[in-house]
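The values are calculated or read from the model by the stated rules, or taken from the named source; none is laboratory data. Everything numeric in this text was worked out from a predicted model, so none of it was measured. All Cβ positions, glycine included, derive from the backbone under ideal geometry; neighbour counts span all protein chains shown. Side chains are part of the model used for accessible areas, which takes the heavy atoms of the whole protein and leaves out ligands, DNA and RNA. Shrake-Rupley method; radii C 1.70, N 1.55, O 1.52, S 1.80 Å.
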Amino acid sequence: MTAKEKAKNIYNQMLEWVDNAHVYKERNIISTTAKQSALICVDTILKGSRLFYIEDYSYWQEVKQEINKL
């Protein structure tokens, strides 16, 4: 996937989530949107990149866990 395609893919995922965010109106939408956006980015890194070292993969898994705690 080219950089342009990846950028469009990430943008479309976030746009789709924000379009559906009305479901979460009782919650703090800004915080929820930021958290979901961050998780999408980390998932994109984990799925789309080739992490050559186990330390890199472990690091991004830890980042994801920390985001989930927010």
Hits in the stretch 42-52 (condition: open to solvent by 50 Å² or more (accessible area, probe 1.4 Å) and either at pLDDT 90 or above or out of contact with any helix residue (DSSP H, G or I) (no Cβ under 9 Å at 6 or more places or on another chain) (or both)) = Lys47, Arg50, Phe52
Residues of the stretch 16-33 classified as assigned to a helix (DSSP H, G or I) and modelled with pLDDT under 75, total | 10
